[in-house]
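Scroll down for the structure; my scribbles are underneath it.
Any read-out appearing in this document is the output of simple, stated calculations on the displayed coordinates, not a laboratory observation. Please read these numbers as outputs of a predicted model, since none were measured by experiment. Glycine also receives a Cβ, built like all others from the backbone with ideal geometry; neighbour counts cover every protein chain displayed.
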Amino acid sequence: MTIQAEGGSRRADLGSFLIAAALGALGLFMLWETFSIPVAISYARVGPRAFPVLVSSALLLNALWLAWEAWRAPAPASAEEPPIYWPALAWISAGLLLEAALLERIGFPLSAALLFMLTARAFGSTAILRDAGIGLALALIAWFGFTQGLGLTLPGGPFDALI
């Protein structure tokens, strides 16, 4: 359903307004609940309410921005939904399922590289070796970041010897 904007040349999508309203309601709820957090008087400038107020304010600003963008959006060219490209969906689904199935067996870097390769294939890439190299490089960077930087445990498979 669309709402006619002033001037008659634009139409606002009701779904976008509903999402903006839900986002705004979440922001208001968070802001309301934030002020129920008990705060002891102290010398600290930043208390337990600072971060929740920041997050709820960001949610409210995003809700207003989304509503503004929905109101200003031009009318869509056609009301038809674009067709689903089933082969791409199959490649990405296979990648996600293989990632989940192989994560413990071959480790995060190799399973994430496989997911990257299959996702690249879904987007039309045929350069398998290049995609494997890029996927492995990105997965190793992420794996090192999680294990060394954040101290989290991810299975490394053959790369466990590197740490």
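Things worth noting here:
- In this simple spin-label approximation, TRP32 and ALA90 carry label points 7 Å from Cα along the Cα→Cβ vector, and these lie 4.9 nm apart.
- Euclidean distance between Cα centres, the stretch 116-137 to the stretch 77-107, Å: 14 Å
- Cα-based Rg of the chain normalised by 2.2 N^0.38 Å, two decimals: 1.54
- The ALA21 and LEU54 beta-carbon pair, evaluated with R₀ = 22 Å, returns a calculated FRET efficiency of approximately 0.55.
- The distance between label points at LEU152 and SER125 comes to 2.2 nm (points 7 Å beyond Cα on the Cα→Cβ vector).
- Potential lengthening between ILE41 and GLU69 on full extension [0.36 nm per residue; Cα-Cα distance subtracted]: 5.9 nm
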